[in-house]
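Since the structure comes first, as structure tokens, the remarks are kept for the end.
The values are calculated or read from the model by the stated rules, or taken from the named source; none is laboratory data. Please read these numbers as outputs of a predicted model, since none were measured by experiment. In this analysis, Cβ positions are derived from the backbone assuming ideal geometry, glycine residues included, and neighbour counts consider all displayed protein chains.
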Amino acid sequence: MKIPVSLKHKPVIIIGNYEQVDGRKAYRSDAKGLSLGLAQWNDRGKMDISAKVWRYTGEKWSRQSEELPLHRVLDLALLICKSKQYFMEAYRYEALYDPQNNAIARIGLQGDAMTAEVCIDNPMIDEDIKLFRDCLNRDDEIISERLMALAAILKEMGY
């Protein structure tokens, strides 16, 4: 099941197989995917990036907000880190991605792996990925500060 691209949240970087690694619910989760994309609450001239857990009720995609279990928060952190790392080198591609190979990372977890990839099903991906990069660059100081804090805490914890 593919993450929808016609709703207000515009996915740019996705994990379409999240149900396979969703903690204790792996292989039987209603959380089908994760995405980082252009926020649904964007106003003209003000773009933000948002993270979304895509839930499917069995009949339709749910717009419900949800509390995130800690492992999902960490999975999103992994996706943010891999996305930030990817965009450090994305300039090498004319469209900021390779249309022939849209995978950007495989993150091994629980005997399987999350596959992070550029959402080429998004009909506006060529425009949206540039907006995403620009937002990521604009918020680099905020994001980097938090990543450095996270790295320091993880080091203190022995990771």
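Details
- Any hit, segment 29-39, residues being touching an Asp or Glu at 6+ places or on another chain (Cβ under 8 Å), surrounded by 15 or more Cβ atoms within 10 Å (Cβ to Cβ), of a type in the set (S, T, N, Q) and at pLDDT 85 or above: yes
- Filter result for VAL5 (touching a helix residue (DSSP H, G or I) at 6+ places or on another chain (Cβ under 7 Å) and among the β-branched types (Val, Ile, Thr)): no
- Residues of segment 104-142 satisfying the condition of being farther than 25 Å from LYS8 by Cβ and hydroxyl-bearing (Ser, Thr, Tyr): none
- Selection of segment 117-144 for residues being part of a helix (DSSP H, G or I) and within 17 Å of LEU79 (Cα to Cα) yields ILE129, PHE132, ARG133, CYS135, LEU136, ASN137, ASP140, ILE142, ILE143, SER144.
- For segment 1-52, residues that are of a type in the set (A, V, I, L, M), in a strand (DSSP E or B) and in contact (Cβ under 8 Å) with a residue 40 or more places away in the chain total 9.
- Test for ASP98: is it surrounded by 12 or more Cβ atoms within 10 Å (Cβ to Cβ) and modelled with pLDDT of 95 or more: yes
- Boolean, ASN137 is loosely packed, with under 12 Cβ neighbours inside 10 Å and either in contact with a strand residue (DSSP E or B) (Cβ under 8 Å, 6 or more places away or on another chain) or within 15 Å of LEU36 (Cβ to Cβ) (or both): yes
- Pairs where the first residue, in segment 57-75, is modelled with pLDDT under 85 and the second is of a type in the set (Lys, Arg), C-beta under 8 Å, 6+ apart: TRP61/ARG55; SER62/ARG55; GLN64/ARG55; GLU66/ARG55
- When GLU145 is tested against (1) loosely packed, with under 15 Cβ neighbours inside 10 Å; (2) over 25 Å from TYR27 (Cα atoms); (3) touching a residue at least 24 places away in the same chain (Cβ under 8 Å), only condition (3) is not met.
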